[in-house]
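First the structure, in the form of structure tokens, and then the observations on it.
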Number of protein chains: 2
Amino acid sequence: MKQHENCTFASGARRKAMARFQMEKTPRFAHAARRYWPAAALTVTLMAAAPALGADHVAGPLVLKAQGSFFVGGRTEHTDATTGTPGGFFFPNADYIQVDQMYVQFQIPEASGKHVPVVMLHGCCLSGKTWETTPDGRMGWGEYFVRQRHAVYIPDQSSRARSGFDATIINEVRIGTQPPSALPNTFTFGRNAAWELFRFGPAFPTAFSDQQFPVEAMDTFGKQVIPDLNATLPTPNPTWANLAALAAQLHGAVLMGHSESGFFPEEAALTDPSGVAGLVSIEGLCSTNLTPEQVATLAKIPTLVIFGDHLGDVPSVSALWLGALQGCQQFVDQINAAGGDATMLHLPDAGLFGNSHMLMQDKNNLQVADLILSWIDKHVERK
Amino acid sequence: MKQHENCTFASGARRKAMARFQMEKTPRFAHAARRYWPAAALTVTLMAAAPALGADHVAGPLVLKAQGSFFVGGRTEHTDATTGTPGGFFFPNADYIQVDQMYVQFQIPEASGKHVPVVMLHGCCLSGKTWETTPDGRMGWGEYFVRQRHAVYIPDQSSRARSGFDATIINEVRIGTQPPSALPNTFTFGRNAAWELFRFGPAFPTAFSDQQFPVEAMDTFGKQVIPDLNATLPTPNPTWANLAALAAQLHGAVLMGHSESGFFPEEAALTDPSGVAGLVSIEGLCSTNLTPEQVATLAKIPTLVIFGDHLGDVPSVSALWLGALQGCQQFVDQINAAGGDATMLHLPDAGLFGNSHMLMQDKNNLQVADLILSWIDKHVERK
């Protein structure tokens, strides 16, 4: 028996939420089964009416109404260190730069109907690349959701990747006007740490026998790992307000966060709930010290929390992951107790096993996506 | 009379190349005229047969055969500083990370025919965002070239944006195992410096009266400016070999560089010319100390060098830009003297005025693109 199945925090409310999810997911899950196990196609077709969207949207041309990129947020800041080599260029080292902005790339399908836009935000030490082609070359959630007729918006967190960052402090330390201790903690995940933290297996290079992450592409995955410069940001993290502004700009969007950013959609909704049509938290932490007013705000927004498998099976991080599941279950219970609509989706309870922390890149990533799409259909769009 | 029209380095060879370009560009240029000045449509239609591609591909659905992202190059490196706060996480600070890789995003149009793929590489303190939606919201070259039936590959330079960078030295300085002087020069362009360097006008906020850059969106442009961490890279810059590997992987591609990376396509071809079908250098420096063997290698590859307007009109940078034009003209002459096919396109000589350093974002950016597409058609694809 898996450790998580013994957890004392598998409360009655949690079990109820899971049972609810089990009931709801059937049609799309059966459809996913048809796509992934063709031998079962006939049986499944007889069992469940095919949903309107599906397998024919995974292959074939991708037809877009529009695509592009833009920035949300940001502000003009004066800096006295545009370089760490004064006199090395043509200009004084003091100037005005843009900081805190959030880069967003988007695609709108030709036939989106009334489907709600989805914003997919990456986690620590990663970028929008998270949602694109998987390390072993399969389709990521970004394109898949577009093919399922959702407009998709993929940001890089403020201070990460194409959003840029404020390098002033690095140059000031180089010049000597600030001490080394003023440098931001610029942390990243190395291969061995990621292997354990992301639950690919108990320790590098041993993978769980049912591991869904394409561990054969571990080096390729490592190439998308980016140092985290969030320590250069002001408090509160401007990504939260930028997400809220993006949702408002879209007149309604599902905000999805992962890992480090798992609770960013919550924070965005607490900043400005006006555009937040739904919250999806994937493998992250959840707030457990909310005020009654905050709970009331969040209870108006359909919320889905997702965890993968093997939460208690990697010794170095089992406390972290079991604690995250427990905290998020408390969060879900708290929202539901206030009349909200929050769902805990622990994938093994939905019949999906071996999923890692990077479940949007796992080999069954489109099956997991289908569960989310089904949830959006029932909890957000039919609301 | 503009200063550049007086330049002593406007040699006979350069004038000849320009005359050649003038003759060649006519049909596509007339087409561009039709798109930008609708009132002239009838006249122009009578003057020139419409090319096969064109205005109907700027609007309407975008139909893609495939899209995605991947990495080129990279290597596994041991680091002793995955964070600058040892003990702050669950793991030892020593681990293995991936460095020097180059992130590449691509789109392949449904109907690409035999059109050659185009790789668009950004310049200093910028990212692949350079080629996407312009700061004032118009279509960038990335989508435009796809709509003109070219597969387009947009990298972030190694150590920039979604390619990630090696933060080891930053953390080592924070921890105290390296001195502050070991920090990389992490330079960026502030607003006032960019205004002059990119020739939007003589000094912020004064713009040239015929300025093509959307200066009203200057703050938005500033949001795409990213600190340059190339100083963290080994020598030679791995982006050069990564570009060459990408071209080889594509079995032939036009490599386009801009500004800082204007000569990167040349360096890629000198690393491995096997996949380099054409070179486009935009507003960058050109090599002027090539060996005869290097010249012979480059002479086998059609080459286009492009400069915008006002090269001598911003006092603080006129020596830089006029020198760049002069050096590139020498380069073009040298390639042609060795039997090569190199073309200098100084936009004012082609009838386009007011173009800035960021000509792929200028208001007439698609006209400039048409000139490049026409050059590819005649010099690369009909070769």
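The values are calculated or read from the model by the stated rules, or taken from the named source; none is laboratory data. These numbers come from a predicted model, not from an experiment. Don't worry about glycine lacking a Cβ; one is built from the backbone with ideal geometry, like all the others, and counts go over all protein chains shown. Only protein heavy atoms, including side chains, enter the accessible area calculation; ligands, DNA and RNA are left aside. Shrake-Rupley method; radii C 1.70, N 1.55, O 1.52, S 1.80 Å.
A few notes on this one:
- Entry comment: accessible area of segment A:213-371 is 27 Å² per residue, from protein heavy atoms only and a probe of 1.4 Å.
- Exam field: A:Ser209 pseudo-label spacings to other copies (7 Å along Cα-Cβ), nanometres: 8.1
- Per residue of peptide B:190-201, the mean number of Cβ atoms on other chains within 10 Å of the residue Cβ is 4.
- Estimated distance in nm for a label pair at B:Ala231 and A:Ala94, the labels positioned 7 Å out from Cα along Cα-to-Cβ: 2.1 nm
- Packing here is the average count of other Cβ atoms within 10 Å per residue, and on that basis the peptides A:243-252, B:109-118, A:128-137, highest first, run A:128-137, A:243-252, B:109-118.
- Translational diffusion of segment B:250-302 was estimated from the Stokes-Einstein equation, with Rh taken as the Kirkwood radius over Cα pairs; at 20 °C and 1.002 mPa s the coefficient is 195 µm²/s.
- Within the accessible area of segment A:324-366 (1.4 Å probe), percent carbon and sulfur: 47 percent
- Each other copy holds its own label point for A:Ala337; taking that point as 7 Å from Cα along Cα to Cβ, the gaps run 8.4 nm, nearest first.
- Prolate/oblate/rounded call for segment B:132-251, Cα gyration tensor, a/c under 1.5 rounded: oblate
- Averaging the Cα positions of each part gives two centres, and for segment B:134-154 and segment A:92-167 these lie 18 Å apart.
- Each part gets one Cα centre, and for segment B:294-359 versus segment A:311-327 those centres are 59 Å apart.
- In Å, descending, principal axis extents of the Cα set of segment A:250-376: 37, 29, 23
- Summed buried accessible surface, chains B and A, 1.4 Å probe, nearest 100 Å²: 6000 Å²
- Cα centroid separation, segment B:178-219 to segment A:173-241 (Å): 31 Å
- Label positions at B:Arg382 and B:Ala203, each projected 7 Å from the Cα along the C-beta direction, are separated by 4.9 nm.
- Distance (nanometres) between label positions extended 7 Å along Cα→Cβ at B:Lys65 and A:Ala337: 5.8 nm
- Formal net charge of residues neighbouring A:Met120 (Cβ-Cβ distance under 12 Å; K, R +1; D, E -1): -2
- Take B:Pro236, move 7 Å from Cα toward the beta carbon, and the resulting point lies 5.0 nm from the same point in each other copy, nearest first.
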